[in-house]
Amino acid sequence: MRSGLRTERLLLRPITLDTARRILGGRQVDVETWAPGYPPDDEIGLHRLLVDAHTEPAGWGPWQLLRTAGDDLVAVGGIGFLGSPDAHGEVEVGFGLVRSARGAGLAAEALVAMVGWATGHGAQVVYGTTTRDNLASQRTMLRAGLRPRTPHPATSSPPSRHARTRAGAGSGGSEMLRFVTGVGRPGRE
């Protein structure tokens, strides 16, 4: 089994080109099994983008969420960044779980780990974007320590494709909200 970030109940591992190809081909990776509904459609789209780009994002791309149960690993969703931090040290994160894994705090647990990874690798601010009507996503970000910074600057530019896909696609024009956490930069948070 490959290494990754471990939490109390999860193993988070970066999606490599090989992993993305296997998932797109419907083949499980290493020793995991897949929860019903895995991989979700939005994950498939992200993996296709990675394969089409022929690049390894070195952690600043998608990660697979595996629930641990003894020696068993069950793929339950994904989390990841939309590239490396920008010139201000800011990076966007998105997350999603299959239906059967929701409501148990796994997304917040994963988000805490990813914020720690990002800040340990140079990010100053980690943020997530969701719609006003996606209360579950808002609660997840609050539990993980991100705080509202609203409204999202979507009035001047549209939210990223990742935010639309992962945090409330199909919500029909709902106002976008931004949740942020900052490290060591007063006024950036």
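Can you name the condition, by its number, that Arg99 falls short on among (1) farther than 13 Å from Leu146 by Cβ; (2) touching a strand residue (DSSP E or B) at 6+ places or on another chain (Cβ under 9 Å); (3) of a type in the set (D, E, K, R)?
That leaves (2) as the condition not met.
Inspect all residues belonging to the range 28-46 and state whether any of them is touching a Phe, Trp or Tyr at 6+ places or on another chain (Cβ under 9 Å) and either among the aromatic types (Phe, Trp, Tyr) or on the phi > 0 side of the Ramachandran plot (or both).
Taking every residue of the range 28-46 in turn, none turns out to be touching a Phe, Trp or Tyr at 6+ places or on another chain (Cβ under 9 Å) and either among the aromatic types (Phe, Trp, Tyr) or on the phi > 0 side of the Ramachandran plot (or both).
Please find, within the range 25-53, the residue that is farthest from Gly116 (Cα to Cα) out of those that are part of a loop (DSSP other than H, G, I, E, B) and among the charged types (D, E, K, R).
Looking at the filtered set, the residue picked out is Arg27.
With the condition kept exactly as written, say whether any residue in the range 14-24 is surrounded by 15 or more Cβ atoms within 10 Å (Cβ to Cβ), in a strand (DSSP E or B) and modelled with pLDDT under 95.
Within the range 14-24 (the criterion being surrounded by 15 or more Cβ atoms within 10 Å (Cβ to Cβ), in a strand (DSSP E or B) and modelled with pLDDT under 95), the answer is yes, since at least one residue qualifies.
May I ask you to say which residue of Arg149, Arg132, Arg161 is touching a Lys or Arg at 6+ places or on another chain (Cβ under 7 Å) and either β-branched (Val, Ile, Thr) or at pLDDT below 95 (or both)?
Being touching a Lys or Arg at 6+ places or on another chain (Cβ under 7 Å) and either β-branched (Val, Ile, Thr) or at pLDDT below 95 (or both) holds for just one of Arg149, Arg132, Arg161, which is Arg149.
Which residue, of Glu92, Glu56, Glu8, is in contact with a Leu (Cβ under 9 Å, 6 or more places away or on another chain) and under 22 Å from Thr181 (Cβ atoms)?
Glu92
The values are calculated or read from the model by the stated rules, or taken from the named source; none is laboratory data. Bear in mind that the values here come from a model prediction, so they are computed numbers and not experimental data. All Cβ positions, even for glycine, are placed from backbone atoms using ideal geometry, and neighbour counts span all protein chains on display.
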